[in-house]
Each structure stands twice: as structure tokens, then as C-alpha cells.
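Quick notes on the structure that follows.
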Amino acid sequence: MSETTQNRAVAPPSRGSASPAPDPAVKRRNNGMLVVMLGAVFMALLDSTIVNVATPTIRTDLGTTGSALQLIVSGYTIAYATLLVTGARLGARNGFRTMFLFGLVTFTVASLACGLAPGSATLIGARVVQGVGAATMMPQIYSLIQLNFEGAARARALSLYAAVIGLGVVVGQVAGGLLVSADLFGTGWRPVFLINVPVGVVLVIAGLRLLPQGKPAKPKGLDIPGLITLTAALLLLVVPLVMGHEQNWPLWMKISLVASVPALVVFVLVERAVARRGGAPLVPGRVLKTPGLVPGASANFFAMAGYAGFLFAFSQHMQSGLGESATRTGLTFAPLAIGVATGSLTWQKVPERLHRPMIATACVIAAVGYAAIGFDMRPGGHGGIALPALQLVVGIGMGYITSPLLTVALAQVKPADAADASGVMTTAAQIAQVLGVAAYGSVYLGAADGGAADSSAHAIFVTALLVTVGALLSALAALRLPRKQQTARAHRP
């Protein structure tokens, strides 16, 4: 099936016409396609956190320095965050199926290289390649959902996508602890990466069979000037955010962080020049003008920054402040994961006219949950009996934020612009997580004063209050969403 044909398939029926009954074969194929894509999402997100709990074992086994260990952890994130928009454009240019499978194969092979790495240099390089594979693979998922699902099926697909995002981060910490503790066949930390290999092979085989064929009828140019300036700007921003605290913020990192602002301005000017010449800018202005996209991306940015920052800070508090194991810490987040899954899979029961206020209300609910957890942990210890319930509240709030935000923000995006819109949404969410961990993590680590229990409790309290402010900013951004959803019609040739 060509992607031009797919564009026709997503056009909604005219008002007053009866919706045709879904073809069971098409429905089975789409469900299989969704399983492949969500499996890839889960694997990519798992790898962003699963390695964290394996770092002590890696350091002992490979004899790595602190800087090398930091690059092993952050090399993946840096490559992933900086190349997402480029990955989206490559999908629009070469076909979403082609680039998804290319990214999946790259990620799987790189995982094998990570698991077999004889030294830290090889492991760092393989982690960067993993990030490249994830950045090539992930943006295609938005586009494939936009082009192959419509109406309730699209909302369900995006809900499952958001649920997997929420669960992947938490499960990564638990799985990492279990795999390292198991020390399978004396391999220590290596199964943390090698587990991706059989999963990736199965997903590739299934993807070859289930993902739709085709290329865009009119491939867009790659926009090399935009690619260079955006990548440079994101590297200037992401590298110091990821590595700054560990390296005690050397002067060059501070200069890099400041320089990212004019670099982003240069990128905007370059994009405008490309558009004036009749080229295909990496981030077309018309995409950013789509009703709901910028407010949705902004609300999602604040929500995901707080979520990632809170998970990092709370994990540090449990392990460093309270001396808990990585496995016990991960299991502590189980109510949060259950809440995210519950919210993500039930929000569609709310009438469409209430989606905008529902999202803003969910942001406020999450904010209340964060603040309550901070007060609950402030006296010290492991928190009261209310802690699991409060985490459940935060999780449900996040489930009622991220899933509907994806649906509302992308509802009016034309199928032809699906790749560019997916690049914007995915990059905003990933940068939010990097920024959230860097900003809220720095607040926690600065206030924890070496990890003593009392100071750690104070630090998690302060961090929770700041995350609360971020959730309220998310609510304000959500209020700018369109009052009515209107799915964009595909352009017919």
C-alpha cells in the first residue's frame, strides 16, 4: 500500500454518512502493526533508564573512569535527543516503514555491540549508535499512527503509546536491577543490553510482514542547512544539561549552554531563508501554526519534564538517602506506573467536548499529588501509608495528560505534515525529559548535601514543590488548546 493511498484512507467520512464497518483483516493487521511499534517504543525507552542501575557493575568490570561512565549513560540520550527531528524528515523522505525498520535494526545491532563490548570506548560508541537507531525509529511511529489509524482507533493507539512511555521509564529501573542482580551465567551487566537482541529480531521480522509499504509521492528535500544548525543548537543545549552536574559545570559547558540560545535563533533564521527560497524547511512554519500543536507540545513539555525529573530525584532519594536497592526503588514506583496505564486507557470515556478542561484539570491533580508526596516525605523515612495512593494520583493525572495531549495536538495535522509534526512532538518530549532530569535533578542533588537521610528528605520536598509549579504551568498551556477537535482531511490528488 503506498503512503498516498494511506492518506486517502485516513480521511474521515462526510457528516451524515455511515462509517463503514472495519475490515477484520485490516483491523488484525493494524493491531499487529501497533504491537510492533509499541514494542520498539518500550525497548527504546527501557534503554534510556535500564543502564542507570548497572553503572556500578560496569565501572568495576571495565575499570572505567567517572567521565567514561557518564558518557556510557548519556551518549545514548545525547544522540537520541539531537537527531529526532532529522529522523522524522528522513522518514518523510525515504518512507516511514523503511526508516522505522532501519532504526530498529541499527538499535538491535548496537545493543549486541553494547553487550559484547570489551572496553569502555567500545561501549560508549555502541551507546551513541543505539541513540542514532532510536532517533531514526521513534519519529516514524507518530507518522504511521497518523496515516493508518483514524477516529477512536487513533485515539486508542496514541493512548497505548503514551501508556508505554509512562511505563517504560519505570520498568527500566526495575528490569535493570533484576538483571544485574541475577548475574545470568556470570555475565553481570551485559544482559541489560543483550535482552534487546532477541526482542529486536522478532520485531524486525514482524515489522517486515505487518508494516505498510510505500514512499511519499513527493519526497521533501533534506534541508542540510537546517539539519546542521539544529543539530549544533541541540548539542550545545543537551550536552551540558546531561553532563554538567557530574562534571561540576566547567566553563566550557556554561558557555555551551548560553550559546545554545543564539544557535537556536540562527536555526530559525536559516529555516525562514529556506522557506523563502521555496525549499522544504526541517520544521515548516505551517506545521507550527496548526491549531493545538504548539500549546499541546508546550503542555506536554512541562508535564514530561516534571515527570522525568521527579522520577530521577525520587530514585536518588530512595537509593542514596534511604539506602534502598535499585530493585526495591523500582518497585516503589509501581503505583505510579499503574496510575499512568489506568489514565492512558480510560480517558477516552470522557466526552470530547470536555477534553480541554480534562487535560488542564489532570495537570492540577498531578500537581497536588507531587506536592502531597513532598510533604509526606519531608519528615524523613519511607513516607506514610498514603505514599502509594499519592503516587497513584500522580500517575492517573499523567495518564489523563499525555495521551489526550497527543490526540488533541495532532488532531488537525494534515497527513502530509505528519512526519514534521511527529518530529516536533517527539523532540519536545525528549528534550523535556533531559531538561527535567538536569534541572530538577540538580536541585535535588544540590539540596541533598551528600545524601544524608535528613537532607535528602528536605531535598525531595523542595524538588516536589518545584515539580508542582511545572505541572501548573502545564495546566496553563493546556488551556490554550483548541476548544473543538477537528481531524484534518487528507489532500486528495
**Message:** Quick check: Cα centre of region 36-108 to Cα centre of region 397-443, how many Å?
**Reply:** 18 Å
**Request:** Please determine, in degrees from 0 to 90 and to the nearest 10, the orientation of helix 96-116 with respect to the longest principal axis defined by the Cα atoms of the chain, where the helix direction is its Cα long axis.
**Result:** 20 degrees
**Message:** What do you get for the angle between helix 453-478 and the principal long axis of the chain? Use alpha-carbon atoms, 0 to 90 degrees, nearest ten.
**Reply:** 20 degrees
**Request:** Please give the contour-minus-distance gain from A386 to Q247: 0.36 nm per residue of separation, less the Cα-Cα distance, rounded to one decimal in nm.
**Result:** 46.3 nm
**Message:** Could you report region 353-472's accessible area per residue, 1.4 Å probe, as an integer in Å²?
**Reply:** 33 Å²
**Prompt:** With +1 on each Lys and Arg Cβ and -1 on each Asp and Glu Cβ, how big is the dipole of the chain about its Cα centre, in debye rounded to the nearest 20?
**Reply:** 2200 debye
**Prompt:** What accessible area per residue, rounded to a whole number of Å², is obtained for region 236-333 using a probe radius of 1.4 Å?
**Reply:** 45 Å²
**Fill in**
Nearest 10, in degrees from 0 to 90: the angle of helix 334-346 to the longest Cα principal axis of the chain is 10 degrees
**Request:** Answer rounded, prolate or oblate for region 65-134, using the Cα gyration tensor with square roots of eigenvalues a ≥ b ≥ c: rounded when a/c is under 1.5, else prolate when a/b is larger than b/c, else oblate.
**Result:** oblate
**Prompt:** Once you sort the root eigenvalues of the Cα gyration tensor of region 185-284 as a ≥ b ≥ c, which label holds: rounded (a/c under 1.5), prolate (a/b larger than b/c) or oblate (the other case)?
**Reply:** oblate
**Request:** Could you please state how large a percent of the accessible area of the chain is carbon and sulfur, counting protein chains only and using a 1.4 Å probe?
**Result:** 67 percent
**Prompt:** Dipole of the chain (Lys/Arg Cβ +1, Asp/Glu Cβ -1, origin at the Cα centre): which of Q319, A206, S143 lies farthest to the positive side?
**Reply:** S143
**Prompt:** Karplus couplings for region 374-385 from phi (6.51 cos²θ - 1.76 cosθ + 1.60, θ = phi - 60°), rounded to Hz, Gly and Pro as x?
**Reply:** x, 5, 5, 8, 4, x, x, x, 8, x, x, 5
**Message:** Tell me the label only: which of [x] 0.94; [y] 1.29; [z] 1.11 is Cα Rg over 2.2 N^0.38 Å as calculated from this structure?
**Reply:** [x]
**Request:** Between beta-carbons, use under 11 Å as the cut-off and find the net charge around A299, counting Lys and Arg +1, Asp and Glu -1.
**Result:** +2
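The values are calculated or read from the model by the stated rules, or taken from the named source; none is laboratory data. It should be emphasised that the depicted structure is a prediction, and the values quoted were computed from it without experimental measurement. Note: ideal-geometry Cβ built from the backbone for every residue, glycine included; neighbour counts use all protein chains shown. All accessible areas refer to the heavy atoms of the entire protein, side chains included, with ligands and DNA or RNA removed. Shrake-Rupley method; radii C 1.70, N 1.55, O 1.52, S 1.80 Å.
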